[in-house]
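I have placed the structure first, in the form of structure tokens, so that the comments after it can refer back to it.
The values are calculated or read from the model by the stated rules, or taken from the named source; none is laboratory data. Everything numeric in this text was worked out from a predicted model, so none of it was measured. Neighbour counts run over all protein chains shown; Cβ positions are idealised from the backbone, glycine included.
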Amino acid sequence: MNPAVQVRRAAYDAIVIGAGVNSLAAAATLAKAGRTVLVLERRAAVGGAGSALEIEPGFHADAAYDDIGWIPSSLVRDLDLTRHVRIVSSAMPVVAADGNDASLTFTASGPDLDGLRRLSPRDASRWPEFAGRVAAIAGFLRTLYAAPVPDTALDQAGDLRTALRLALKYRGLGRRDMVEVLRVLPMSVAEWLDDWFEHPLLKGALAARGVTHSAFGPRAAGTAFVFLHHQVAARPGAMRSGLRVEGGIGAFAAGLARAAQAAGAEVRTGAEVRRITAARGAVDGVELASGERIAAARVVSGASPRHTFLELCDPARLEPGFVHAVSRIRYRGAFARVHFSLDGLPPLGGDRASGALVAPDMDYLERAADDAKYGRASERPFVRAFVPTVADPSRAPEGKHVLSAHVQYAPYRLREGRWDDAGREALGDRVMDTLERYLPGLKALVRRREVLTPVDLEREFGLPEGHAYHGELALDQAMFMRPVPACSHYRSPVRGLYVCGPGAHPGGGTAGVAGANAARTVLADGAP
Amino acid sequence: MTPRYDAIVIGGGHNGLINAAYLARAGRKVLVLERRELVGGAAVSEQVFPGFTFSVFSYVVSLLRPEIIRELNLPAHGLHVLPLESTVTPMLNGDYLAGWADHDLSRQELYRHSPQDADAYDEYGRLMHHMAYAVRPILSMLPPDPTSLSPRDLMGMLKFGKHMRSLGDEKFHALHKLMTMSSADFLDEWFEFDTLKATKSASGIIGTFLGPRSPGTAYVLLHHYMGELDGVFRAWGFAKGGTGGVSESIASSARAFGAEIRCNAPVARVITKGGRAVGVALENGDEFHANVIVSGLDPRRSFLQLLDPKELPADFADAIRRYKFRGSSGKVNLALSELPRFTCLEGNAPARAMLRQAAWRGAFSISPSLDYVERAFDDAKYGQFSRQPYMDIIIPSMIDPGMAPPGKHVMSIFVQYAPYNQQGGWTDANREAFGDAVVNTLSQFAPNLKSAILHRQVITPADIERITGLTEGNIFQGELALHQLFFFRPAPAWARYTTPIRGYWQCGSGTHPGGGIMGASGRLAALEILEHG
Amino acid sequence: MLKQTPFHPRTSLLCQGQNWRRWAGHLAASSYDLVHDREYHAIRNAAALLDVSPLYKYLVTGPDAARLLDRVVTRDIGKLAPGRVVYTTWCDSGGKVIDDGTVARLDDRRFRMTSADPTFRLLHENAHGLRVDIADVSESTAALALQGPNARAVLEEVTGGDLAGLRYFHVTAATARGAGGTRVPLEISRTGYTGDLGYELWLDPKDALALWDALMAAGVAYGLAPTGMMALDIARIEAGLMLADVDYVGALKALIPSQLSSPYELSLDWTVKLDKDHFTGRDALAAERARGPAWRFVGIQVDWNALEALYAAVDLPPRVPTAAWRASVPLYDGELQVGYCTSGCWSPLLKQYIALAHVPSRFAAPGTRLDFEVTVEHRRKRAACHVRKTPFLDPPRKRA
């Protein structure tokens, strides 16, 4: 045992690595329960990938993603979040256009049914039933997500409770939806939508939800699950959660940090963890890049599983089977962000519209994904543009606007070329051209643009291979398989070390759920 | 007065025949009605050109259940499976990858390409052995209804759950991965050599409308390992006389047990009375009556064609309508004046000649890289047959010389992808273009092929549908996708060979476990009928 | 075709009965003479030359080479001085033996590992985050075993040096005079699989024939005999040395848990260094040591009188196997089968019927009486036997 540690009592009950949304939720939950907590963040500000970005002075965009996702009410209540963040519901219509005449507006409660009826009366008539199914299954997933996945062995009381709750919830679905859950999760979103609908624009827009943050196209099995995962946050068919944080995504993280601090947690920024230190198979603290060592009995890492176990830990001290599993987690980041500062409101094509969707049909998405399969950025990318300044004009100077584009597919690994300046600008141009085709007139409004490639996202926010969820969300990397079976309950093979990032169950697109679940596991494990 | 039977089996494919044989073996009076002039369904051998016999559709025996071979005494009825000794994959750089029956030789060959993969191959094989062992009981298990609260279903779910638990964490997780991953991703976790991954993954896409990078293709990798477990005979083989030899041996066994088999007897509809099946009517109007009617046809034909869908519960009819076929494979059968000379195996050294001889007795896989196979799928996704298709080739006349005149050969080429919904339809012109694509692609690897061709038979999914009746030409009577397996095959709550029509049963590959010349569906259905019918 | 070793041009001429078997994908001579007796006695009485090239061999180099090996194997490699060799096992995370072999420290940062099964991937999987280079040198290293009381004399003739200073389980670089006067650089380790005085020679395949010819020429005066696997099998049983795939199933090959063995269950306690830094399987092994292993691997000696009596009952003189066997033979305690032998032979030198066996720990004490199943004139009988300490044969010259 290291003598330095032997003499010094652990200064903190827990150290949380990173100050992303999940880390902060974990820290706040632990602090609320009376633990002494220290949050260590490499960057100068909290928020991680949920930070703001200034395109040019006065123009504020949400750097990596612009939808807060699912915020469980229990989290808001437990952390007293309403005191620190203003979360308002908001319609924020998104317009999907096919590049010709047809367009369809989606609000927080789904597609505009009158508009849909004009495109396809049959689809409009089937919508309510589809929406009901989606809501039922998403509701089941919410229950599944709100706690650690029960262990298959059910040998812990908590596992049994969760399993029973899940079983009841499952039975509660009724016979038809019980079958549907099992049937749909492994399907491709394209097959599933083909069962229901006929209009390409509707199917394209919905399928886009099934491929968001995935390297797969809509015909890949398991994308129906990804679709439903994203619907955990939203009402059926809505393109966004319907919740808006005042001040943007960055404000949410800042609010969480305030909540954590209010509960007694200490937050240090500009403090990069270089190593998680351990003795005799149990953590005893961390070492910073500065060389400073801080002792703690528990370390909760919001960094990616790969960074946590293969870089911060000494992989030579972990069982090879575990190292093998961690090193084979699939990331395959495939999205990029392009932010524009604009001289005026972009032509989104709808009343009070705050977003536009370029996913005109499922084949369009599939072809975009085909490019990524062979290591190319999509010739014709799927783009979801969001203009935060519609709802929140304070994010740009008077009369000016900001447009942020989520772009797929931009594979992290390019077979030809690199994500250097030339690659970055080529991507920016392509997105610009794509948007111009669907939103004619946009180009003339552009002042500046900021492109974040997968490599930028990795460097800036520690997103492994640029994957926003710290690991591809697919059935083989979900639930008890996430991030790897040996730490699907947030515990790791190193005693006292926990994972709490989106790489853990239930994954990204949920605001702090993994963090809060992880903290509950830490608390359940009691004193070290 | 028409003769009265205990059971009538519709369709003389291998599952129908097996079903009939088991029923007859139990003393039932059974009639099999086959539309075509010969039994076998997609497992038939026909002399398409004088002197040249082809296994027209299905061409290898892989998973025929050993208990069926034993219980129906098939070897005594002529079943003789000859081993396929190797698989050779020509590579684009002129080299090749060979897999042999001998472990040492396979390792040596793989080591040549990747030392790491050579080591990994054994470990992978062990995992797959465990997985096959884990899956095997499921194949012979009656799928429970997961939504039902009946004691029988709860017991079934319990048994299923118990079995899963008994695997232990490590194997359970591996099985989960196998069921949900793409074969490319799964193999990426083990191997680095692209041609190996491509060739392995190709076995995961056969009969599906999926590419090697599509999730859900990994578990078919198990198939090669399933048969090996049974040990009794070489799993992957070629039936003497072609696959028709398998069908004929089953038919012979069924007849020996007393079953009556009528060919040229197309069934037009199932006769129902008060919600109960009581007989069948042929297209010529003849009627036959029995208390048990078993359909070996695919679910769409069994329910939406032989019955008036109005007789079915709406949600069941919906489920059958949603059930996916999407035939994706074609077949090109060639009569050859000489053996194909694969460039990668040319050379004059004695060792080369030995290698060539051995290779001709095995299979050739045209799957040089994962991208190659994936691109073949990309074409099909958008409604076009693959310009450079994946092919699985054997030369049956090298294994059973009786298949061709002396000195001449037959070549069986299984081709993917040929989408059922080909753009512009499967016109004669498209069929020939498809045949040309196959021959041209193959000629890149075996340049003498074109001049050696005496006759060519090109079979598209539309042809498969027209000749064998398999909907959309799907060789498995419906895609083997996770959402169409076990208790979903063919529809939830109706995965135990019963149907919503009393007295009407199903026994085709469209029921659990389905797929290939396995015969488990036909047998399990018969056992259920004997117990509950 | 199976692979041929670099010595094949010579061994194939000498192998009178073309009596070959497989060894790691290679052709290996079972015996050169039609019967193996002379070869066995060469091992124990003169000198024997064995082609052991099929062994898997890996060169592990770099600043973290020792760390990598320490992470994998159960012995303490950090403490291994340059010029020394150890016999060791390596385990899976459950503490069950994957394989056994030797690790030689050729210099500070260079190790050669030998194994019965391929180990390339295993080493790679463990090298995450380590500065180390792993090379599979199985094909690029030819290997000979020169074993027997005259082995040193023969080797001194061809190297022209004094080898008395090369102690047991040490390794040194040397140069031999090959046939035709060529210089053959090689490494000589004082190791072997016979339990006798002996050496193993590691060299470049291009020098293989020159060295073989030189050794054979020098060996004439010392009774050197090219020796095959059958004679070796008897020698290694006498020496109590186990054989992977025969006496135990490696953890990566086992299909069911009962096929697994830990080093303790193989009575290789001395190869497990729990006090060194973390290695694969350590926790499981520490727990097993604390509670004591369930099984032990022991020597068995069949009582001659008992065997004689069984044969006398059918009016036959006692028969013993002419070659070593590799089959599972039950061991009984009264009516209950308690263990099983995995290989055995008649020891021509000791004049004893001996075997290697797995028994539950409570039967492992030397002297424990058990019954050994033997088939006498087609009928299964049991002969008394006793647990013996191994090695059965341990000549002082082995270490001297």
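Quick one: A:Arg268 ticks every box in (1) farther than 23 Å from A:Ala45 by Cβ; (2) out of contact with any helix residue (DSSP H, G or I) (no Cβ under 6 Å at 6 or more places or on another chain); (3) of a type in the set (Lys, Arg) except a single one, so which number is it?
The one condition A:Arg268 does not meet is (1).
When the residues of region A:33-62 are filtered to those that are assigned to a loop (DSSP other than H, G, I, E, B) and in contact with a helix residue (DSSP H, G or I) (Cβ under 7 Å, 6 or more places away or on another chain), which remaining residue is surrounded by the most Cβ atoms within 10 Å (Cβ to Cβ)? Talk me through it step by step, then tell me what you get.
Within region A:33-62, the subset assigned to a loop (DSSP other than H, G, I, E, B) is A:33-36, A:41-46, A:51, A:57-58.
Adding the requirement that they be in contact with a helix residue (DSSP H, G or I) (Cβ under 7 Å, 6 or more places away or on another chain) leaves A:33, A:46, A:51.
Working: A:Ala33: 15, A:Val46: 25, A:Ser51: 21.
So, considering only residues that are assigned to a loop (DSSP other than H, G, I, E, B) and in contact with a helix residue (DSSP H, G or I) (Cβ under 7 Å, 6 or more places away or on another chain), the one surrounded by the most Cβ atoms within 10 Å (Cβ to Cβ) is A:Val46.
From (1) touching a residue at least 40 places away in the same chain (Cβ under 8 Å); (2) assigned to a loop (DSSP other than H, G, I, E, B), pick out the condition that doesn't hold for C:Pro318.
Just one mismatch for C:Pro318, condition (1).
Among (1) facing another protein chain (nearest Cβ under 9 Å); (2) part of a helix (DSSP H, G or I), where does B:Phe160 come up short?
(1)
Hey, does region C:34-56 have a residue that's in contact with a Lys or Arg (Cβ under 7 Å, 6 or more places away or on another chain) and not polar (S, T, N, Q)?
Within region C:34-56, the first condition is being in contact with a Lys or Arg (Cβ under 7 Å, 6 or more places away or on another chain), and the residues that meet it are none.
Checking region C:34-56: not a single residue is in contact with a Lys or Arg (Cβ under 7 Å, 6 or more places away or on another chain) and not polar (S, T, N, Q).
Filtering region B:71-100 down to residues that are in contact with a Gly (Cβ under 9 Å, 6 or more places away or on another chain) and among the polar types (S, T, N, Q), which residue is modelled with the highest pLDDT?
It comes out as B:Thr89.
Does any residue of region C:299-308 turn out to be β-branched (Val, Ile, Thr), under 22 Å from C:Ile237 (Cβ atoms), in a loop (DSSP other than H, G, I, E, B) and in contact (Cβ under 8 Å) with a residue 12 or more places away in the chain? Steps first, answer last, please.
Within region C:299-308, the subset β-branched (Val, Ile, Thr) is C:300, C:302.
Retained after the next criterion (residues that are under 22 Å from C:Ile237 (Cβ atoms)): C:300, C:302.
Next, only the ones that are in a loop (DSSP other than H, G, I, E, B) stay: none.
No: region C:299-308 contains no residue that is β-branched (Val, Ile, Thr), under 22 Å from C:Ile237 (Cβ atoms), in a loop (DSSP other than H, G, I, E, B) and in contact (Cβ under 8 Å) with a residue 12 or more places away in the chain.
Any chance you could count how many residues in region B:319-359 are in contact (Cβ under 8 Å) with a residue 24 or more places away in the chain and either buried (at least 22 other Cβ atoms within 10 Å of the Cβ) or not aromatic (Phe, Trp, Tyr) (or both)? Outline the logic, then answer.
From region B:319-359, those in contact (Cβ under 8 Å) with a residue 24 or more places away in the chain are B:319-320, B:323-345, B:355, B:358-359; that's our starting set.
Keeping just the survivors that are either buried (at least 22 other Cβ atoms within 10 Å of the Cβ) or not aromatic (Phe, Trp, Tyr) (or both) gives B:319-320, B:323-341, B:343-345, B:355, B:358-359.
Residues in region B:319-359 being in contact (Cβ under 8 Å) with a residue 24 or more places away in the chain and either buried (at least 22 other Cβ atoms within 10 Å of the Cβ) or not aromatic (Phe, Trp, Tyr) (or both): 27 in total.
Within region A:20-32, can one find any residue that is crowded, with 24+ Cβ neighbours inside 10 Å, touching a strand residue (DSSP E or B) at 6+ places or on another chain (Cβ under 8 Å) and part of a loop (DSSP other than H, G, I, E, B)?
In the first step, residues of region A:20-32 are kept if they are crowded, with 24+ Cβ neighbours inside 10 Å; the result is A:20-31.
Now narrow it down to the ones that are touching a strand residue (DSSP E or B) at 6+ places or on another chain (Cβ under 8 Å): A:20-21, A:23-24, A:26-27, A:30-31.
Imposing the further condition that a residue be part of a loop (DSSP other than H, G, I, E, B) reduces the set to none.
Checked region A:20-32: no residue is crowded, with 24+ Cβ neighbours inside 10 Å, touching a strand residue (DSSP E or B) at 6+ places or on another chain (Cβ under 8 Å) and part of a loop (DSSP other than H, G, I, E, B).
Considering only region A:68-89, state which residues are part of a strand (DSSP E or B) and of a type in the set (Gly, Ala, Ser).
Here is the first cut: in region A:68-89, the residues part of a strand (DSSP E or B) are A:70, A:87-89.
Within region A:68-89, just A:Ser89 meets the criteria.
Give the residues of region C:225-277 that are assigned to a helix (DSSP H, G or I), touching a residue at least 40 places away in the same chain (Cβ under 8 Å) and hydrophobic (A, V, I, L, M, F, W, C), sorted by residue number.
Keep residues of region C:225-277 that are assigned to a helix (DSSP H, G or I), which gives C:229-238, C:257-259, C:269-271.
After this cut, where a residue has to be touching a residue at least 40 places away in the same chain (Cβ under 8 Å) as well, the list is C:229-238, C:271.
The answer is C:Met229, C:Met230, C:Ala231, C:Leu232, C:Ile234, C:Ala235, C:Ile237.
Is it the case that C:Arg282 is of a type in the set (Lys, Arg) and farther than 24 Å from C:Tyr58 by Cβ?
Details: of a type in the set (Lys, Arg): yes; farther than 24 Å from C:Tyr58 by Cβ: no.
Criteria not met by C:Arg282.
So which pairs qualify, if the first residue must be in region B:184-203 and in contact (Cβ under 8 Å) with a residue 60 or more places away in the chain, the second must be β-branched (Val, Ile, Thr), the Cβ gap must be under 6 Å, and the two must be at least 6 apart or on different chains?
Correct list of pairs: B:Thr195/B:Thr89; B:Ala198/B:Val373; B:Thr199/B:Thr89; B:Ala202/B:Val373.
Those residues that are basic (Lys, Arg) and farther than 22 Å from B:His289 by Cβ, I need them from region B:26-70; list them, please. Walk me through how you get there before you give the answer.
Kept after step one, since they are basic (Lys, Arg), are these residues of region B:26-70: B:28-29, B:35-36, B:65, B:70.
Result: B:Arg36, B:Arg65, B:Arg70.
Could you count how many residues in region A:477-501 are polar (S, T, N, Q) and away from every other protein chain (no Cβ under 11 Å)? Working first, answer last.
Let us first name the residues in region A:477-501 that are polar (S, T, N, Q), namely A:477, A:488, A:492.
From what's left, away from every other protein chain (no Cβ under 11 Å): A:492.
Counting residues in region A:477-501 that are polar (S, T, N, Q) and away from every other protein chain (no Cβ under 11 Å) gives 1.
Please indicate, with yes or no, whether at least one residue in region C:82-97 is closer than 24 Å to A:Arg317 by Cα, in contact with a Cys (Cβ under 6 Å, 6 or more places away or on another chain) and in contact (Cβ under 8 Å) with a residue 40 or more places away in the chain. Before the answer, list the steps.
First pass over region C:82-97, keeping only residues closer than 24 Å to A:Arg317 by Cα: C:86-97.
Subset that is in contact with a Cys (Cβ under 6 Å, 6 or more places away or on another chain): C:97.
With in contact (Cβ under 8 Å) with a residue 40 or more places away in the chain added as a condition, the list becomes C:97.
Yes, the conditions are met somewhere in region C:82-97.
Considering only residues of region A:1-19 that are β-branched (Val, Ile, Thr) and modelled with pLDDT under 95, which is surrounded by the most Cβ atoms within 10 Å (Cβ to Cβ)? Spell out the reasoning first.
Step one: filter region A:1-19 for residues β-branched (Val, Ile, Thr), giving A:5, A:7, A:15-17.
Checking which are modelled with pLDDT under 95 leaves us with A:5, A:7.
Values: A:Val5: 16, A:Val7: 7.
Taking the candidates together, the pick is A:Val5.
Of everything in region B:179-197 that's surrounded by 24 or more Cβ atoms within 10 Å (Cβ to Cβ) and within 20 Å of the chain's Cα centre (by Cα), which residue is nearest to B:Tyr124 (Cα to Cα)?
Among them, the one singled out is B:Ser183.
If a residue counts only when it is farther than 30 Å from B:His409 by Cβ and out of contact with any helix residue (DSSP H, G or I) (no Cβ under 7 Å at 6 or more places or on another chain), which strands (runs of 3 or more DSSP E) contained entirely in region B:197-316 have at least 1 such residues?
On the way: elements: B:237-239, B:260-262, B:267-273, B:276-282, B:287-295.
The strands (runs of 3 or more DSSP E) meeting that bar are B:260-262, B:267-273, B:276-282, B:287-295.
Determine whether C:Leu232 is crowded, with 24+ Cβ neighbours inside 10 Å and either of a type in the set (Phe, Trp, Tyr) or touching a strand residue (DSSP E or B) at 6+ places or on another chain (Cβ under 9 Å) (or both). First the steps, then the outcome.
Values: crowded, with 24+ Cβ neighbours inside 10 Å: yes; either of a type in the set (Phe, Trp, Tyr) or touching a strand residue (DSSP E or B) at 6+ places or on another chain (Cβ under 9 Å) (or both): yes.
Considered against the rule, which asks whether it is crowded, with 24+ Cβ neighbours inside 10 Å and either of a type in the set (Phe, Trp, Tyr) or touching a strand residue (DSSP E or B) at 6+ places or on another chain (Cβ under 9 Å) (or both), C:Leu232 comes out as yes.
Out of region C:173-185, which residues are touching a strand residue (DSSP E or B) at 6+ places or on another chain (Cβ under 6 Å), surrounded by fewer than 16 Cβ atoms within 10 Å (Cβ to Cβ) and touching a residue at least 12 places away in the same chain (Cβ under 8 Å)? Explain how you work it out, then say what you get.
Within region C:173-185, the subset touching a strand residue (DSSP E or B) at 6+ places or on another chain (Cβ under 6 Å) is C:173-176, C:178, C:183-185.
Next, from what is left, pick out any that are surrounded by fewer than 16 Cβ atoms within 10 Å (Cβ to Cβ): C:173, C:175, C:183, C:185.
Within region C:173-185, C:Ala173, C:Thr175, C:Pro185 meet the criteria.
Can you name the number of the only condition in (1) assigned to a loop (DSSP other than H, G, I, E, B); (2) surrounded by fewer than 18 Cβ atoms within 10 Å (Cβ to Cβ) that A:Asp429 fails?
With (1) assigned to a loop (DSSP other than H, G, I, E, B); (2) surrounded by fewer than 18 Cβ atoms within 10 Å (Cβ to Cβ) applied to A:Asp429, the lone miss is (1).
Which of (1) within 14 Å of chain B (Cβ to nearest Cβ); (2) of a type outside the set (S, T, N, Q); (3) in contact with a Ser or Thr (Cβ under 9 Å, 6 or more places away or on another chain) is the odd one out, the single condition A:Ile249 does not satisfy?
(1) is the only condition that A:Ile249 fails.
How many residues, within region A:473-528, are outside any helix (DSSP H, G or I) and under 29 Å from B:Met179 (Cα atoms)?
Taking region A:473-528 first, the residues outside any helix (DSSP H, G or I) are A:473-474, A:478, A:482-484, A:488-512, A:525-528.
If we keep only those that are under 29 Å from B:Met179 (Cα atoms) too, we end up with A:473-474, A:478, A:482-484, A:488-493, A:498-510.
Number of matching residues: 25.
State all residues of region A:95-108 that are crowded, with 20+ Cβ neighbours inside 10 Å and either touching a helix residue (DSSP H, G or I) at 6+ places or on another chain (Cβ under 8 Å) or at pLDDT 90 or above (or both); if no residue qualifies, say none. Working first, answer last.
Keep residues of region A:95-108 that are crowded, with 20+ Cβ neighbours inside 10 Å, which gives A:95-98, A:103-108.
Within region A:95-108, A:Val95, A:Ala96, A:Ala97, A:Asp98, A:Ser103, A:Leu104, A:Thr105, A:Phe106 meet the criteria.
Within the group C:Arg112, C:Arg152, which residue is within 23 Å of C:Trp202 (Cα to Cα) and part of a strand (DSSP E or B)? Step through it out loud before you land on a result.
Values: C:Arg152 fails: part of a strand (DSSP E or B).
The match here is C:Arg112.
Only one of B:Ser166, B:Ser140 is away from chain C (no Cβ under 14 Å) and among the small types (Gly, Ala, Ser). Can you tell me which? Break it down into steps so the answer makes sense when it comes.
On the way: B:Ser166 fails: away from chain C (no Cβ under 14 Å).
After applying the criteria, what remains is B:Ser140.
For residues that are of a type in the set (A, V, I, L, M) and in a helix (DSSP H, G or I), scanning just region A:308-339, find the one that is farthest from the other protein chains (Cβ to nearest Cβ). Explain how you work it out, then say what you get.
Initial filter on region A:308-339 (of a type in the set (A, V, I, L, M)): A:310, A:312, A:316, A:318, A:323, A:325-326, A:329, A:334, A:336, A:338.
Cutting the leftovers down to in a helix (DSSP H, G or I) gives us A:310, A:312, A:316, A:323, A:325-326.
Numbers: A:Leu310: 7, A:Leu312: 11, A:Ala316: 6, A:Val323: 5, A:Ala325: 9, A:Val326: 9 Å.
That would be A:Leu312.
Residue check, A:Arg165 against (1) under 22 Å from A:Leu475 (Cα atoms); (2) more than 14 Å from chain B (Cβ to nearest Cβ); (3) more than 25 Å from the chain's Cα centre (by Cα); (4) modelled with pLDDT of 90 or more, all met but one. Which one?
Going through the list (1) under 22 Å from A:Leu475 (Cα atoms); (2) more than 14 Å from chain B (Cβ to nearest Cβ); (3) more than 25 Å from the chain's Cα centre (by Cα); (4) modelled with pLDDT of 90 or more, A:Arg165 breaks only (4).
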